[in-house]
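The values are calculated or read from the model by the stated rules, or taken from the named source; none is laboratory data. Note that the structure is a prediction, hence the values are computed from the model and not measured. Don't worry about glycine lacking a Cβ; one is built from the backbone with ideal geometry, like all the others, and counts go over all protein chains shown.
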Amino acid sequence: MADEKKELQRKETRGSVETERTRNRRVYVPKTDIYETKDAIVLVADMPGVDEKSVDITLEKNVLTITGVVEPETYKDHSIAYYEYDSGDYQRAFTISDEVDREKIEASVSQGVLRVTLPKAEPVKAKKISIKTG
Amino acid sequence: MFGPRFWRFWRMIDLGAEMQRLQSEMNRLFSGYIPAHGHEFPAINVWVGKADAIVTAELPGIDPKKIDISVVADTLTLSGSREKDVLKEGETYHRQERSYGSYTRTLQIPFEVDVSKVDAKYEKGVLRITLPRSEEVKPKKISIKSE
């Protein structure tokens, strides 16, 4: 039970990338499922509050970084009476293998859930090298 | 309370915004509203204004038709379930962190709600329910009869 509670808790991070962020907001690690199908690896991340315009995915070398920007919740003439979650930005980075076809990575956002499909690359075909006699 | 975030702000250039955030965090702390992170699903925030209360809940990836909202007098009940992605044969999970299952949350609003005017919106995985104050809950004067 105790473990379960721990699991549910939101993790806060200062960003797994070792740089200081320019935006002065809290950053959370989105909870992510990763599964493998026959021809792709699919990454599903819960990022409530983001849409397709506020998510950024970058691939640099072997690191796939997901960043989501959430505008703070404020309501005019209202004060907070009860509070269980704090909204903030999202950031998480994954190391991906060389087996992924980088050109064909696809991503979509629906109802606060980000889905990234990383297709597997065609296996490198064995090449026969003929040796010329000379 | 004086975690790394507190000390870190000295290094920030953007002091104004940080101070403001710190102040609002302090206000929250001292007003007794300490976040009860993660003990219940979904996490809920409640905002109260003169005319209404706004309840927000983080419910990413749910079909809005399957969110059940009911209001009785001053009690709001939110229920539904979050379906697990069904994997086909040969597909395997590498990592599974998102939670699934059914949920029910019951919440008492500080006043009686005009049930007919309750409005709910679901956007970007965040549910927002506006609960207007009922006209009938104005203070009533009770006269004492003498015999």
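Scanning region A:102-125 for residues being assigned to a strand (DSSP E or B), in contact with a Pro (Cβ under 7 Å, 6 or more places away or on another chain) and not aliphatic (A, V, I, L, M) gives a total of 0.
Yes/no per residue for (1) in contact with a strand residue (DSSP E or B) (Cβ under 9 Å, 6 or more places away or on another chain); (2) farther than 23 Å from residue B:126 by Cα; (3) hydrophobic (A, V, I, L, M, F, W, C):
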site	(1), (2), (3)
A:63	yes, yes, yes
A:88	yes, no, no
A:98	no, yes, no
A:119	yes, yes, no
A:122	no, yes, no
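How many residues, within region A:55-92, are in a strand (DSSP E or B) and of a type in the set (Lys, Arg)?
Count: 1.
When residue B:90 is tested against the conditions (1) surrounded by 11 or more Cβ atoms within 10 Å (Cβ to Cβ); (2) over 18 Å from the mean Cα position of the chain (by Cα); (3) facing chain A (nearest Cβ under 10 Å); (4) of a type outside the set (Lys, Arg), the lone failure is (1).
Against the conditions (1) assigned to a loop (DSSP other than H, G, I, E, B); (2) without any contact (Cβ under 8 Å) to a residue 60 or more places away in the chain; (3) more than 18 Å from residue A:115 (Cβ to Cβ), residue B:76 satisfies every one except (1).
Looking only at region A:31-43, residues that are at the interface with chain B (Cβ under 7 Å from one of its Cβ atoms) and either more than 17 Å from residue B:86 (Cα to Cα) or surrounded by 19 or more Cβ atoms within 10 Å (Cβ to Cβ) (or both) come to 3 in all. The single condition among (1) surrounded by 15 or more Cβ atoms within 10 Å (Cβ to Cβ); (2) in contact (Cβ under 8 Å) with a residue 12 or more places away in the chain; (3) more than 16 Å from residue B:41 (Cα to Cα) that residue B:85 does not satisfy is (2). In the list A:100, A:55, A:70, A:63, which residue meets the criterion of being facing chain B (nearest Cβ under 9 Å) and modelled with pLDDT of 85 or more? Exactly one of A:100, A:55, A:70, A:63 is facing chain B (nearest Cβ under 9 Å) and modelled with pLDDT of 85 or more, namely A:70.
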